[in-house]
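Notes follow once the structure below has been shown.
The values are calculated or read from the model by the stated rules, or taken from the named source; none is laboratory data. Treat the numbers as computed from the prediction; the structure is a model and nothing was measured. Don't worry about glycine lacking a Cβ; one is built from the backbone with ideal geometry, like all the others, and counts go over all protein chains shown. Protein only, heavy atoms only, side chains kept; ligands, DNA and RNA dropped before computing areas. Shrake-Rupley method; radii C 1.70, N 1.55, O 1.52, S 1.80 Å.
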There are 2 protein chains.
Amino acid sequence: MSKPYVLGVDIGGTNTVFGIVDARGQVIASDSIKTRKHTNFDDYVEELHAGVQRLLEKNDAEDKIQGIGIGAPNANYYTGEILNPPNLPWGPIIPLAEKVSRAFGGIPVAVTNDANAAALGEMTYGAARGMKDFIMITLGTGVGSGIVVNGQLVYGHDGFAGELGHLIVKRNNGRMCGCGRTGCLEAYCSATGVARTAREFLEVRTEPSTLRNLQIEDITSKDVYDAAVAGDKLAKEIFNYTGTILGEAFADMVSFTSPQAIILFGGLAKSGELLMKPLQDAFDKSVMPVFKGKTKILLSELKESDAAVLGASALGWEARNRFDNAVAEVSGADPEKIK
Amino acid sequence: MSKPYVLGVDIGGTNTVFGIVDARGQVIASDSIKTRKHTNFDDYVEELHAGVQRLLEKNDAEDKIQGIGIGAPNANYYTGEILNPPNLPWGPIIPLAEKVSRAFGGIPVAVTNDANAAALGEMTYGAARGMKDFIMITLGTGVGSGIVVNGQLVYGHDGFAGELGHLIVKRNNGRMCGCGRTGCLEAYCSATGVARTAREFLEVRTEPSTLRNLQIEDITSKDVYDAAVAGDKLAKEIFNYTGTILGEAFADMVSFTSPQAIILFGGLAKSGELLMKPLQDAFDKSVMPVFKGKTKILLSELKESDAAVLGASALGWEARNRFDNAVAEVSGADPEKIK
């Protein structure tokens, strides 16, 4: 009989969260370790393994794990590696899938970047259940994306497809982006982008704003949100500006894959009508006539505390399948019979 | 035994070309009828059927057709209909697949738009053989596109995905586009777009140019090409302008699906280095660092006279499969056994 659980692991810049998940998307139990405690990757994997082992024992789940899914920045589905991660201390090429699988006695491991994991989570357990064509947009420090076409994640020929945070939204005099270019969506519509807009607006314009009471270089998107909720006009305009750019970019995304929905996740996505109203307005105005009224803009249905683990875990089921097929190919056996 | 041929039909605004194609992509024979001769769609289908019948008889190919693939502007793969075609006289919704299949005694028919057909043709017989991720761009009167992800055409949830000619390349003061919006790629980088650029350049600028000897409103992209080849500086600049916008747009396309190649087809694509040099330069400069040097820009390898029929025919093989599966689903039979 096939095993009832998968393990979802989300490697963030600060914490690595892991959880045992069942087929219905219940997080049975979860725990975390500090991601950056060990500069040696083997030591990190050892601590992760020990932490998971404790969690499995406590929940009577040893030998019940089908596969492990891992979401991590810059993780590549095809190679199983993390490539040039900006915030992890283990070097430019990290053989993530291989080392974790070995530490767990050969349990199959599949990895992908965090936004793709979020898309899988949403498709398996969340707002995209039953959808075959949708786009997941994560609005956090950056803007990430996972594109699903015909029920499958789009990885591209090299495993790095889906960098919609780096569509160019301003061709001339655009803001510098962390990717080394200028004018990327992420430079405007991430949490960091909102803070940059606030600084620009405060410097260039003269209206009063409660944001002027703060140190300009310390302003966060949360500050802008709080000010807007309290009625500050300039803060509201910052959200209008952000939502409008996002809505226009969404219209281009629809011309690409004509998705049933674009689903938003992440801190900034919880700004409510402040963001969603200008976003929807700009989207409706910008979308190509043939697509008008067809694509919904939705919010994630996953609890934020569970979402990263759930997303990664969704890949764990797939890891099992990939392993079965590989074994079947080698042995000529029917994958169903060796479970 | 399965039948050795498919029929490819390309419905253009002027001519409807049809051909008998074998599994190796040889066009055994082809012929054409005038598309707009009949304002009644049934009459058109009858003439098409008669023309095809003659071609089949002449080539001893009756009862040897597996399926029919049709490429037509605004044709929808899912519904089999043509929707709101700008240049066809048969009304807003044309039940293309159903009527053609009925006229041909139930032979399965699959339809898609012309750019998707071109992508299928290239994947089956041309420059994209063996590729699982590529984008086809057709540069004609408009800019069309067919996107292939993971070996499959991207149709989107409604069958209309892949409108890359309508990505917005100029957000402010962009040119009017036939789709009703402004700033679309197509308004700049189609044959029509090149002619518009010529008129703009000639009006705004003062340098001498042999293009000034022509009636400004009659200038075509062919005129600009001829002038550029003859060394006209302004005409060359028009191609620089066009190629640069196209290259920048291609960089955004790569951020989306990370294709192995972008393949160009159509009259304008045959402008050689005049177009390809600025295009490649702008692309190399604009593409996100993680994708640098990975995506090739290629020209179609299909003979232009055959390409439309070949592309449509590629869908004919698929039509057969869809039919088999549908029959198998209904009857519970193995599709292999009912061939």
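So, in the range B:268-284, of the ones that are buried (at least 19 other Cβ atoms within 10 Å of the Cβ) and within 14 Å of chain A (Cβ to nearest Cβ), which residue ends up nearest to B:I238 (Cα to Cα)?
B:A282
Among A:V111, A:V21, which is the only one that is at pLDDT 95 or above, touching a Leu at 6+ places or on another chain (Cβ under 7 Å), under 24 Å from B:F291 (Cα atoms) and not small (G, A, S)?
The unique qualifying residue is A:V111.
Kindly establish whether A:S305 is of a type in the set (S, T, N, Q) and without any contact (Cβ under 8 Å) to a residue 60 or more places away in the chain.
Details: of a type in the set (S, T, N, Q): yes; without any contact (Cβ under 8 Å) to a residue 60 or more places away in the chain: yes.
Answer is yes for this residue.
Scan (1) out of contact with any Pro (no Cβ under 6 Å at 6 or more places or on another chain); (2) buried (at least 20 other Cβ atoms within 10 Å of the Cβ); (3) within 15 Å of B:E318 (Cβ to Cβ) for the single condition B:G67 breaks and write down its number.
(1)
Being open to solvent by less than 10 Å² (accessible area, probe 1.4 Å), farther than 15 Å from A:N76 by Cβ and more than 13 Å from chain B (Cβ to nearest Cβ) is the requirement here; does A:S190 meet it?
Against the criterion (open to solvent by less than 10 Å² (accessible area, probe 1.4 Å), farther than 15 Å from A:N76 by Cβ and more than 13 Å from chain B (Cβ to nearest Cβ)), A:S190 qualifies.
Within the range B:246-259, can one find any residue that is under 20 Å from the mean Cα position of the chain (by Cα) and at pLDDT below 90?
No, that holds for no residue.
Can you give me the number of residues within the range B:133-161 that are within 18 Å of B:F265 (Cβ to Cβ), within 7 Å of another protein chain (Cβ to nearest Cβ) and of a type outside the set (A, V, I, L, M, F, W, C)?
Total satisfying the criteria: 1.
Between residues in the range B:172-187 that are facing chain A (nearest Cβ under 10 Å) and assigned to a loop (DSSP other than H, G, I, E, B) and residues that are among the acidic types (D, E) and buried (at least 16 other Cβ atoms within 10 Å of the Cβ), which pairs lie under 9 Å by C-beta distance while being six or more apart or on different chains?
Once the first residue is facing chain A (nearest Cβ under 10 Å) and assigned to a loop (DSSP other than H, G, I, E, B) and sits in the range B:172-187, its partners that are among the acidic types (D, E) and buried (at least 16 other Cβ atoms within 10 Å of the Cβ) give B:C177/B:E186; B:C179/B:E163; B:C179/B:E186.
Which residues, taken from the range A:79-129, are within 21 Å of A:G266 (Cβ to Cβ) and without any contact (Cβ under 8 Å) to a residue 24 or more places away in the chain? Reasoning before the result, please.
Kept after step one, since they are within 21 Å of A:G266 (Cβ to Cβ), are these residues of the range A:79-129: A:82, A:85-88, A:111-129.
Scanning the range A:79-129 gives A:P85, A:R129.
Considering B:I147, B:I94, B:I107, which residue is under 30 Å from B:R196 (Cα atoms) and aliphatic (A, V, I, L, M)?
Among B:I147, B:I94, B:I107, only B:I147 is under 30 Å from B:R196 (Cα atoms) and aliphatic (A, V, I, L, M).
From B:E207, B:E217, which residue is in contact with a Lys or Arg (Cβ under 8 Å, 6 or more places away or on another chain) and either under 30 Å from A:C179 (Cα atoms) or not in a helix (DSSP H, G or I) (or both)?
Just a single option satisfies the conditions, and that option is B:E207.
May I ask you to list the residues in the range B:116-132 that are away from every other protein chain (no Cβ under 13 Å) and in contact with a helix residue (DSSP H, G or I) (Cβ under 9 Å, 6 or more places away or on another chain)?
B:A117, B:A118, B:A119, B:L120, B:G121, B:E122, B:M123, B:T124, B:Y125, B:G126, B:R129
Under 27 Å from A:Y155 (Cα atoms), among the aliphatic types (A, V, I, L, M) and at pLDDT below 95 - does that describe any residue in the range B:286-303?
yes
Among the residues of the range B:135-145, is there at least one that is part of a helix (DSSP H, G or I) and either of a type in the set (G, A, S) or at negative phi (or both)?
Checked against the condition, which is being part of a helix (DSSP H, G or I) and either of a type in the set (G, A, S) or at negative phi (or both), the range B:135-145 yields no hits at all.
Residues being part of a helix (DSSP H, G or I), open to solvent by 10 Å² or more (accessible area, probe 1.4 Å) and more than 9 Å from chain B (Cβ to nearest Cβ): count how many of those fall in the range A:245-267.
Going through the range A:245-267 one residue at a time, the tally reaches 2.
Here's a check for you: in the range B:10-22, which residue that is under 15 Å from B:G121 (Cα atoms) and without any contact (Cβ under 8 Å) to a residue 60 or more places away in the chain is most open to solvent (accessible area, probe 1.4 Å)?
Filtering first and then ranking leaves B:D22.
Go through A:L167, A:L214 for me and flag whichever is more than 23 Å from A:G80 (Cα to Cα), within 14 Å of chain B (Cβ to nearest Cβ) and either in contact (Cβ under 8 Å) with a residue 40 or more places away in the chain or surrounded by fewer than 17 Cβ atoms within 10 Å (Cβ to Cβ) (or both).
Of A:L167, A:L214, the one residue that is more than 23 Å from A:G80 (Cα to Cα), within 14 Å of chain B (Cβ to nearest Cβ) and either in contact (Cβ under 8 Å) with a residue 40 or more places away in the chain or surrounded by fewer than 17 Cβ atoms within 10 Å (Cβ to Cβ) (or both) is A:L167.
In this structure, does B:A127 turn out to be over 14 Å from the mean Cα position of the chain (by Cα) and surrounded by fewer than 22 Cβ atoms within 10 Å (Cβ to Cβ)?
yes
Residue under question is B:R36, and the condition is that it be out of contact with any helix residue (DSSP H, G or I) (no Cβ under 6 Å at 6 or more places or on another chain), more than 18 Å from B:T112 (Cα to Cα) and at pLDDT below 95; does it hold?
Values: out of contact with any helix residue (DSSP H, G or I) (no Cβ under 6 Å at 6 or more places or on another chain): yes; more than 18 Å from B:T112 (Cα to Cα): yes; at pLDDT below 95: yes.
In short, yes.
Which number in (1) surrounded by 18 or more Cβ atoms within 10 Å (Cβ to Cβ); (2) out of contact with any His (no Cβ under 8 Å at 6 or more places or on another chain); (3) of a type in the set (S, T, N, Q) marks the one condition that A:T206 misses?
(1)
Within the bounds of the range B:156-165, is there any residue that is part of a helix (DSSP H, G or I) and within 17 Å of B:A118 (Cβ to Cβ)?
Yes, some residue in the range B:156-165 is part of a helix (DSSP H, G or I) and within 17 Å of B:A118 (Cβ to Cβ).
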